[in-house]
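**Student:** The structure's right below; bear with me while I get my questions together.
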Amino acid sequence: MTTAVQDKGAVIVTGASRGIGAAIAERLADDGYGVIVNYSADAKGAESVVSAIKAKGGRAEAVRADVASEDDVKAMFDQAQKRMGPLTALVNNAGIGGRIGRVDEQQTDEVTRLMQVNVVGPIVCSKHAVRAMSTARGGKGGSIVTIASIAAKAPSEAKVGFAPYEATKGAMVSFARGLSNEVAKEGIRSNSVSPGVIDTELASSPELQDWGAGGPMGRIGRPDEIAATVAWLISPESSYVTGTDILVSGGL
């Protein structure tokens, strides 16, 4: 059994009940942070992640919150700091894929929900993270990492039908950069990570898998490889890094 180093502060990982989010939560707990494993609907998955962390001696709690609801987000941040101590970092990972289809086939209500979860949600979460961590507000500083995607950058026939999703991820790269300019002098660093095709449910289609495996490294990525990048961005080792998007895509 591995025992994690304790008391590095609290980290909120949104959308952490599975996939990349779960890998990030487990890695940060291994590194000694108290982790809030956020979920919206998958309580069983979130509790499984918490159990895995605790089995290794780490600290974690599952907290339900829809990131598109500010009331939910505020309550989550309040619970995080009561249960785990002062906030050290936020990882904006929660996201949905939306409808796969051409723009002329999209339903407006579904696009609106996509924007609420993938764009409004991270902005609202970041708002509350800044309030908790800004030295101008009595905080000790910290780090915000937003998970974007290669979908915003690399054109491919494999990605036809993802235009609204691509738009949300492009927005997040821009947001992370803009936020970094606002809070850099208040002890907060803001960066984004753009994964390539990663072995998760969201990238399970044969077309995406083949596209990802067709890159220079000849394979798709693993969730733990994204988690390692996020862990570095949160750690003191990246203390001079802000306003940056890191592409983790195997060369695509």
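**Student:** Starting from the alpha-carbon convex hull of region 10-243, give the projected area averaged over all orientations, in nm².
**Tutor:** On the way: hull surface 49.7 nm².
Result: 12.4 nm².
**Student:** For a footprinting-style exposure proxy, rank Glu110, Glu26 by other Cβ within 10 Å, fewest first.
**Tutor:** Details: Glu110 14, Glu26 25.
Sorted ascending by nearby Cβ count, the order is Glu110, Glu26.
**Student:** Using R₀ = 35 Å, calculate the FRET efficiency as 1/(1 + (r/R₀)^6) where r is the Cβ-Cβ separation of Ser235 and Arg131; round to 0.05.
**Tutor:** 0.95
**Student:** Can you tell me the orientation of helix 19-30 relative to the chain, as the angle in degrees between its alpha-carbon axis and the longest Cα principal axis, to the nearest 10?
**Tutor:** Approximately 20 degrees, to the nearest 10.
**Student:** Here is a further query. Could you state the angle between the C-alpha long axis of helix 43-55 and the longest principal axis of the C-alpha atoms of the chain, as a value from 0 to 90 degrees rounded to the nearest 10?
**Tutor:** For helix 43-55, the angle is close to 50 degrees.
**Student:** Among Gly196, Gly34, Gly214, which one moves the most in a GNM of the chain with springs linking Cα atoms closer than 10 Å?
**Tutor:** Between Gly196, Gly34, Gly214, it is Gly214 that shows the largest mean-square fluctuation.
**Student:** Under a Cβ-Cβ cut-off of 13 Å, what is the net charge of the residues other than Asp66 that fall near it, where Lys and Arg count +1 and Asp and Glu count -1?
**Tutor:** On the way: positive: Arg64, Lys74, Arg113; negative: Asp42, Glu70, Asp71, Asp72.
Every neighbour counted, the sum reads -1.
**Student:** Would you work out the relative contact order for the chain, in percent, from Cα pairs under 8 angstrom that are 6 or more residues apart? Can you show the working numbers first?
**Tutor:** On the way: 544 pairs, mean separation 45.9, N = 252.
RCO, the chain: 18 percent.
**Student:** Another question about this same structure. For the residue pair Ser51 and Val103, what label-to-label distance in nm results when each label sits 7 Å from Cα along the Cα-to-beta-carbon direction?
**Tutor:** Those two pseudo-labels are separated by 4.6 nm.
**Student:** If you fit an axis through the alpha-carbon atoms of helix 70-84 and take the longest principal axis of the Cα set of the chain, what angle between them do you get, 0 to 90°, nearest 10?
**Tutor:** Roughly 50 degrees between the two axes.
**Student:** Here's something else I'd like to know. Using a Gaussian network model of the chain whose springs link C-alpha atoms within less than 10 Å, name the residue from Thr88, Thr229, Thr200 with the highest mean-square fluctuation.
**Tutor:** Thr200
**Student:** Continuing with the same structure: Taking the number of other C-beta atoms within 10 Å as the exposure measure, put Trp232, Trp211 in order starting with the fewest. Show your work: numbers first, answer last.
**Tutor:** Working: Trp232 15, Trp211 21.
If I rank by nearby Cβ atoms, fewest first, I get Trp232, Trp211.
**Student:** Same structure, new question: Using helices alone, I'd like the mean residue ellipticity at 222 nm for the chain: each DSSP H run of four-plus residues gives -39500 (n - 2.57), total over residue count, nearest 500.
**Tutor:** On the way: 8 runs with 102 residues, N = 252.
Roughly -13000 deg cm²/dmol at 222 nm, from the helical runs in the chain.
**Student:** In addition: Multiply the residue gap between Thr112 and Ala75 by 0.36 nm, knock off their C-alpha separation, and tell me the result in nm, one decimal place. If you can, show how the numbers build up before the last one.
**Tutor:** Details: separation 37, 0.36 × 37 = 13.32 nm, distance 2.35 nm.
Once the chain is fully extended between Thr112 and Ala75, it gains 11.0 nm.
**Student:** Considering the options Val111, Gly97, Gly58, tell which one lies farthest towards the positive end of the dipole of region 11-136, charges being +1 on Lys and Arg and -1 on Asp and Glu at the Cβ, about the Cα centre.
**Tutor:** Gly58
**Student:** List the residues whose amide H sits under 5 Å from the amide H of Gly250, counting only those 5 or more places along or on another chain, with H placed 1.01 Å from N in the peptide plane.
**Tutor:** Correct list: empty.
**Student:** Using a 10 Å cut-off around each Cβ, can you sort Met217, Met84 from fewest to most neighbouring Cβ atoms?
**Tutor:** Least crowded to most crowded, the residues run Met217, Met84.
**Student:** I would also like to ask the following. Please list the three semi-axes, largest first and in whole Å, of the ellipsoid equivalent to region 58-125, using sqrt of 5 times the eigenvalues of its alpha carbon gyration tensor.
**Tutor:** Details: eigenvalues 180, 25, 16 Å².
Three semi-axes, in Å: 30, 11, 9.
**Student:** Let's see if you can work this out: charge +1 on each Lys and Arg Cβ, -1 on each Asp and Glu Cβ, no other charges. What is the dipole magnitude of the chain about its Cα centre, in debye to the nearest 20? Show your work: numbers first, answer last.
**Tutor:** Working: 26 positive and 28 negative charges, 153 e Å.
Once rounded to the nearest 20, the dipole reads 740 debye.
Every number in this text was worked out from the coordinates using simple rules, so none of it is lab data. Small disclaimer: the values here were computed from a predicted structure and weren't measured. Virtual Cβ from ideal backbone geometry, glycine too; neighbours counted across all protein chains shown.
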